[in-house]
Amino acid sequence: MTKSNFEWPHGKRIAVMITALLETWSEGRAAPYSIQTTSLKPGAVDYSGIAWGQYGGNEGIWRIMRLLDSFNAPGTICPNAASARLYPDAIRQAIKSGHEIAGHGHFQDELMVYMEAEQERELIRRSLGMLEDITGQKTKGSCCPVLAFSQRTYDFLVQEKIVRRGEAKVLRGSPLDFFDVYRETFDYLYEHEPMAMLPLAIHSHWGGRPLMAAMLQKILAHVAGRSDVWFARGSDIADWVIVRGFDDAPYAQRFFV
């Protein structure tokens, strides 16, 4: 492969892949970060933290989908299987709006890196099966909770015919920082690295709140202002690459060959 034959559909200059994560923790557990400024003593149930996390399915994912729809930007929605079971209407609406559903484990606090091989294999199959029962579709992508995959995870995902895995990290900080980071990254890639890809990830229980949604709206407006941007779902990019036989597109080959 040489840099001359790597391109996006219709000569688009940059691909922007938006991932919205919808997460649920196991019974009695809350997200390890929340609005709480005082840690509770061990053993106490953090009801406030649990409610804070539930915002993602009750409100956040809906606001994110509405924003994506307003810009005709299809995205990839990654729910824990437990989230899909709790909020099936949101998952069905995502499909209706043209977004795809990708796997994200079962519970957010069940980390594959801690599991024995058969336990991990069973969790992947069970969680993907739960998603497919709700969506009625074959799941094509997956992103591990907190990106804590084991050395076996990718092999197990391949066995389940997963073609796309997600590894985008989202910035935690000021909403204005979120906007600045993605705007500046997009501008750099667009100007200096044609045929680049910008993955943008946002969590529904935090990023779906108005203060963060306002920044997502600004990012989408900035990106959509360019006519040669490809808003792509994760599987769209995977399919494009697979059909053209690209095993890899390393930086060195794209710009130094």
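Percent relative contact order of the chain, based on C-alpha pairs within less than 8 angstrom and at least six residues apart? It would help to have the intermediate numbers written out before the result.
Values: 415 pairs, mean separation 83.7, N = 257.
Relative contact order, the chain: 33 percent.
Suppose every K and R has +1 on its Cβ and every D and E has -1 on its Cβ; what is the size of the dipole of the chain about the Cα centre, in Debye to the nearest 20?
The dipole magnitude comes to about 420 debye.
Using a 1.4 angstrom probe, figure out how much accessible area the chain has per residue, in square angstrom, rounded to the nearest whole.
Per residue, the chain has 50 Å² of solvent-accessible surface.
Would you mind getting me the FRET efficiency between Arg152 and Asp180? Use the beta-carbon distance for r and R0 = 25 Å, nearest 0.05.
Efficiency, from the Cβ-Cβ distance: 0.10.
May I ask which of Lys138/Lys218; Lys12/Lys140; Lys12/Lys96 have a Cα-Cα span longer than 28 Å here? Don't skip to the answer; put the middle values down first.
Numbers: Lys138/Lys218 33 Å; Lys12/Lys140 24 Å; Lys12/Lys96 26 Å.
Correct reply: Lys138/Lys218.
Provide Rg and Dmax in Å for segment 155-257, with only Cα atoms included in the calculation.
Looking at segment 155-257, its Cα Rg and Dmax stand at 15.8, 45 Å.
Rounded to a whole number of µm²/s, how large is the Stokes-Einstein D of segment 104-155 at 37 °C and 0.692 mPa s, given Rh as the Kirkwood radius over C-alpha pairs?
This corresponds to a translational diffusion coefficient of 293 µm²/s.
Which of the helices in the chain meet the span-like rule: DSSP H, Cα axial reach of 15 Å or more, Kyte-Doolittle mean at least 0.0?
Span-like helices, by this rule, are 210-224.
How much length is gained on full extension from Val257 to His192, taking 0.36 nm per residue of separation minus their Cα-Cα distance?
Computed gain between Val257 and His192 is 21.8 nm.
At 0.36 nm per residue, minus the direct Cα-Cα distance, what do Arg66 and Glu160 gain on full extension? Give it in nm, one decimal, please. Intermediate values should be presented prior to the final figure.
Numbers: separation 94, 0.36 × 94 = 33.84 nm, distance 3.11 nm.
Full extension from Arg66 to Glu160 adds 30.7 nm.
Between the alpha-carbon centers of segment 40-62 and segment 90-157, tell me the distance in whole angstrom.
Using only Cα atoms, the two centres lie 21 Å from each other.
What does the highest-first list of 61-74, 14-27 look like by mean Cβ count within 10 Å?
14-27, 61-74
How large a share of the accessible area of the chain, in percent, is made up of carbon and sulfur atoms when the probe is 1.4 Å and the other protein chains stay in place?
52
The values are calculated or read from the model by the stated rules, or taken from the named source; none is laboratory data. Bear in mind that the values here come from a model prediction, so they are computed numbers and not experimental data. FYI the Cβ positions are ideal-geometry reconstructions off the backbone, even for glycines, and counts take in every protein chain you see. Only protein heavy atoms, including side chains, enter the accessible area calculation; ligands, DNA and RNA are left aside. Shrake-Rupley method; radii C 1.70, N 1.55, O 1.52, S 1.80 Å.
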